[in-house]
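Every number here is computed from the coordinates shown, using simple stated rules; none is lab data. Source: prediction; values computed, not measured. With ideal geometry, Cβ positions are generated from the backbone for all residues, glycine too; neighbour counts draw on all protein chains shown.
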Amino acid sequence: MDDLLSVQLFRLCFWKVASEEINYRRFFIMNDLISLHTEKEAVFDNIHSLLFDLVEKGNITGLRIDHINGLYNPEEYLRRMKDRLKDRYLVAEKILHLGEALPASWPVQGTTGYDFLNCQNGVLCDKARRGEFEGIYSRFTGSSVSYESVVYEKKRLMADRHMSGDVDNLARHIKNVLGKDRLWSDITLSGIKKALTELMVLFPVYRTYASPQSFNESDQGIIREAARRAKERNLDLFNELDFVEHFLLDPKADERDSWQRLIMELQQHTGPLMAKGVEDTALYIFYQLLSQNEVGGDPGSFGISLDEFHRFSEERAKNSPHSMNATATHDTKRGEDARARISVLSENPREWEEHIQSWSRMNEGLKKIVLGGDVPDRNDEYFLYQTMIGAFPFRSDDLPSFRERAGRYMVKAVRESKVHSGWMKQDASYELAFVSFLENILESEEFMRDFRLFQSQVAQHGILNSLTQVLVKMTAPGIPDFYQGTELWDYSFVDPDNRRTVDFDRRRMYLDEMAKGEDTNIQGLLQELLASKEDGRIKLFLIYRVLKARQKNADLFARGTYVRLGVEGAIAENIIAFAREHEGAWALTIAPRLTTALSAKDGTHQVNFPGWHIPGDARIILPKNAPSFWINAITDKQVRGKGAIPLYEALEHFPVALLIGRGEP
């Protein structure tokens, strides 16, 4: 049998061997998902044959290309795809950090929307409170480790433990090419491997896109930045890093073919390292504010300013007006409305700290000791309280389901963090003790009484954040994307929880009722929806009404310029206000943010729907060429304003507003 197996095109071995000895590319670190050479035309045509057949039959009008970072030459792939798709819609699943741009040469409409998601998510977080939250997190957990340190540590862990074989192959390639050069001959294979590992770990983005056709200044700058950071951190590797940087940035003419192969393969590995080290590890360890722990996000920056949001939108309108606007996907770390709730905590750090310190004292006796330590540890306990704030159900009938789902999520979270347990080496004692703690605090009358009171206040402001999130997604430059089930409140955990069966019959029934209600008594319908906002119909109604407005004003939203609007009054920083304009047609978006401080001014954190304590002097300042007569697309109410619109008038009947205007000022 051994003789027979030895002549096969594969080698049977213990599965862990692949981490150190591997000669093929995998999907991330999954050994049995072997990558294909899609850069070869025959392979490309073969694996896409069914797809192209469906396209030619007119069954497919658009495509999203997932995991594009894993391709050998993404631009070449997209050009081949575009040749076959012609004028059909094409977007790429590309994670962009704030300020990072999609390669301009790619023949796509844009991305699948993670860049928008994190911008929208960030503007609902009170960036000014970052320092206070750093202190709260440090005091509660007893650790002052930075997000950047966690990312470095976990990317390094993944590189050393799971991608050592990949790095070894790259290092051997460089050594074979430059080992005979007298200038570099004393650089050892071990040194090259260490330098490559450090360079990849400190890569600031998912990947670069150097190719035979292009190696632009942006890509070169990213490599230089990674090399600079690596040299600062590893003075003893300076020569090796200099050697690798030299080969990547300034190859000799006779090295071009080898350089091309190496840099193309290197780029295919920095993405998986970022994904596994950050998305699937660091985001399950650094818990300062969970709403910011999202794919492509930066928890260390703690949100973005209103000005940064407007600049992002202006750039989007100019360069990728048909990119997707997403607020949830199959891979997001928690439901979009759970994030909206958790972000409310950023507005009142003092009260948040008082509650978690009090809850921790209440629940101290409910912990179990495993291997000499309390379970959960302080970091996991902090994570649990935030998770409950974000996902706790409105209805008591949903509590049994929440208990079961949350228990499964806690197990997944501790395995992803790889601190007390892991997928490859599970610690059942810690996992069971953590789930037991969750179940015990849910049974504690003392804790639940105090938790419910605080959580219910946060949840009301979370509803305002959610409505803002929906409206902005649908009216900002881009194509709004709706993940299955998010038409109503979405307080899901990460997959597989966010992939549960969706009750579409219920949603159809709600839509039918709304269609009847808007025709007969829309004001009565609005009052009913606001009074029962916890059931989520208010979110579905907003989606329904804004989609109708988009349909009636298709050119405006597809081609309209983006105009940031000024807000007059003390709450200017609490309002997201912008206009879209195209050939005399106008749409004004008005939505609140950071509303806790506004309601606190009357001595309470309760939300007064729909007006949420709007000062009488607050006004939206209009451009000089804007109309003076508007129709609220959500409420059907007329609004007049010459040069300015009183905020309270725009939001008199609903917490957010979409005003449609047309004609002369």
Inset, instruction - Return the distance in nm (one decimal) between the two label points of a simple spin-label model at ARG88 and ASP397, each offset 7 Å from Cα along Cα→Cβ. - result: 4.3 nm
Inset, instruction - Count charges around ASN293 for me, please; just the other residues with Cβ under 12 Å from its Cβ, Lys/Arg as +1, Asp/Glu as -1. - result: -2
Inset, instruction - Would you mind counting up the charge near ASP186? Only other residues with Cβ under 13 Å from its Cβ, with Lys and Arg at +1 and Asp and Glu at -1. - result: 0
Legend entry - Centre separation in Å (Cα based) which lies between region 130-146 and region 508-585: 39 Å
Inset, instruction - Mind jotting down the distance between the C-alpha centroids of region 612-665 and region 54-78, whole Å? - result: 42 Å
Legend entry - Exposure proxy ranking, count of Cβ atoms within 10 Å, fewest first, for VAL167, VAL344, VAL177, VAL419: VAL419, VAL177, VAL167, VAL344
Legend entry - Listed candidates (i) 14, 28, 32, 21, 4, 0; (ii) 17, 38, 26, 16, 3, 0; (iii) 17, 47, 31, 5, 0 - label of the one calculated as P(r) over Cα pairs in 20 Å bins from 0, in percent: (iii)
Inset, instruction - Mind listing the long-range amide H neighbours of LYS333? Cut-off is under 5 Å, sequence gap 5 or more, other chains count too, H placed in the peptide plane at 1.01 Å from N. - result: VAL295
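Only counting other Cβ atoms within 10 Å, I'd like LEU289, LEU90 sorted with the fewest neighbours first.
Working: LEU289 25, LEU90 18.
Result, fewest neighbours first: LEU90, LEU289.
Can you compute the charge dipole magnitude of the chain about its Cα centre, using +1 on each Lys and Arg Cβ and -1 on each Asp and Glu Cβ, nothing else charged? Give it in debye, rounded to the nearest 20. Spell out each step's value before the answer.
Working: 85 positive and 98 negative charges, 172 e Å.
With Lys and Arg at +1 and Asp and Glu at -1, about 820 debye.
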Inset, instruction - Could you list which residues have their amide H under 5 Å from that of MET324, counting only those 5 or more apart in sequence or on another chain, with H placed in the peptide plane? - result: THR111, GLY113, ILE479
Legend entry - Length released on extending from GLU21 to ASN239, taking residue separation times 0.36 nm less the Cα-Cα span: 75.8 nm
Legend entry - Proxy reagent accessibility, fewest Cβ within 10 Å first, across SER143, SER211, SER301: SER143, SER301, SER211
Inset, instruction - Take the alpha-carbon centre of region 1-40, take the same for region 260-298, and report the distance between them in whole Å. - result: 24 Å
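May I ask you to derive the FRET efficiency for ALA253 and ASP186 from their Cβ-Cβ distance with R0 = 22 Å, giving the value to the nearest 0.05? Could you put the intermediate results ahead of the total?
On the way: r = 23 Å, r/R0 = 1.06.
After rounding to 0.05, the efficiency reads 0.40.
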Legend entry - From phi via Karplus (6.51, -1.76, 1.60), per-residue ³J(HN,Hα) for region 504-509 in Hz, x at Gly/Pro: 6, 4, 5, 5, 4, 4
Legend entry - Whole-Hz ³J(HN,Hα) from phi, Karplus 6.51 cos²θ - 1.76 cosθ + 1.60, for region 338-350, glycine and proline x: 5, 4, 4, 5, 4, 4, 4, 4, 5, 7, 9, x, 4
Inset, instruction - Using the Karplus curve 6.51 cos²θ - 1.76 cosθ + 1.60 with θ = phi - 60°, work out ³J(HN,Hα) for each residue of region 584-592 in order, rounded to whole Hz, and write x for Gly and Pro. - result: x, 9, 10, 9, 10, 9, 10, 8, x
